[in-house]
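Reading through the structure tokens given below for one structure.
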2 protein chains.
Amino acid sequence: MIKVSVLYPHKEGAGFNMNYYLASHIPMVRSKLGAACKGAAVEQGVAGGAPGTQPAYAVMCHLSFDTVEAFQAAFAPHAATIMADIPNYTAIQPVIQISEVKLS
Amino acid sequence: MIKVSVLYPHKEGAGFNMNYYLASHIPMVRSKLGAACKGAAVEQGVAGGAPGTQPAYAVMCHLSFDTVEAFQAAFAPHAATIMADIPNYTAIQPVIQISEVKLS
């Protein structure tokens, strides 16, 4: 199993419309990716590790797939549509990474 | 539900003993945190979002708790022991953040 993590860095003053993200963006992404996407998790940053600090990421999203190839095959045909929806909820440029699940 | 994410930045040449981490560190952490810790997930970074790039994080660990207060109460008495074990598997300084689970 692999995870595609989409990490939105916390930036002072940068907005993120969580309502739109959960009600519209994520359902659209899941609909486009279809059965290849085995799960989706969304977390909103609350605090950093040290007292009184901000989180590194305002929002983290993790999408699960069986393999990197399964992700690429599902994502490629819809990449432009999915990316074009980002400005509808934030101006933050996400950091993306692919990881192998070692424990879940 | 909240998640405490422990993110180890990818650094060229920096080692990370995943075998020790999974077989010794994580079980020790779960044993110390007890029933307050509702789940643990570990992912190993494979690639960045763009072709041919490295992942931002070599390893990501996510620990689940009911509340921030439950995490703090469980972690504080064992913080020193848990932190002292880090050099046994890596020299990488982790980024820590607390997040609220919005979708799981």
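B:Ser64 versus (1) among the small types (Gly, Ala, Ser); (2) within 19 Å of A:Pro94 (Cβ to Cβ); (3) touching a residue at least 60 places away in the same chain (Cβ under 8 Å): which is the lone unmet condition?
That leaves (2) as the condition not met.
Going by the structure shown, is A:Pro51 part of a loop (DSSP other than H, G, I, E, B) and surrounded by fewer than 17 Cβ atoms within 10 Å (Cβ to Cβ)?
yes
When you scan region A:58-74, do you find a residue that is within 14 Å of the chain's Cα centre (by Cα) and not in a strand (DSSP E or B), even just one?
Looking for residues that are within 14 Å of the chain's Cα centre (by Cα) and not in a strand (DSSP E or B), one finds at least one in region A:58-74, hence yes.
A:Leu7 - would you say it is buried (at least 17 other Cβ atoms within 10 Å of the Cβ), among the aliphatic types (A, V, I, L, M) and more than 10 Å from chain B (Cβ to nearest Cβ)?
No, not satisfied.
Please state which one of A:Glu100, A:Glu43, A:Glu12, A:Glu69 is surrounded by 18 or more Cβ atoms within 10 Å (Cβ to Cβ) and charged (D, E, K, R).
Criteria check complete, one pass: A:Glu43.
When you scan region A:1-50, how many residues do you find that are in contact with a helix residue (DSSP H, G or I) (Cβ under 8 Å, 6 or more places away or on another chain) and touching a residue at least 12 places away in the same chain (Cβ under 8 Å)?
Summing the residues that are in contact with a helix residue (DSSP H, G or I) (Cβ under 8 Å, 6 or more places away or on another chain) and touching a residue at least 12 places away in the same chain (Cβ under 8 Å) in region A:1-50 gives 16.
For region B:15-30: of the residues being within 15 Å of B:Tyr57 (Cα to Cα) and either loosely packed, with under 13 Cβ neighbours inside 10 Å or not aromatic (Phe, Trp, Tyr) (or both), which is farthest from the chain's Cα centre (by Cα)?
B:Gly15
When you go through (1) in a helix (DSSP H, G or I); (2) more than 12 Å from chain B (Cβ to nearest Cβ); (3) of a type in the set (A, V, I, L, M, F, W, C) one by one for A:Ala23, which number turns out not to apply?
Against the list (1) in a helix (DSSP H, G or I); (2) more than 12 Å from chain B (Cβ to nearest Cβ); (3) of a type in the set (A, V, I, L, M, F, W, C), A:Ala23 comes up short only on (2).
Only the coordinates and a few stated rules stand behind these numbers; no lab work does. Just so you know, these numbers come straight off a predicted model, no measurement behind them. As a convention, Cβ positions derive from the backbone with ideal geometry for all residues, glycine included, and neighbour counts pool all protein chains shown.
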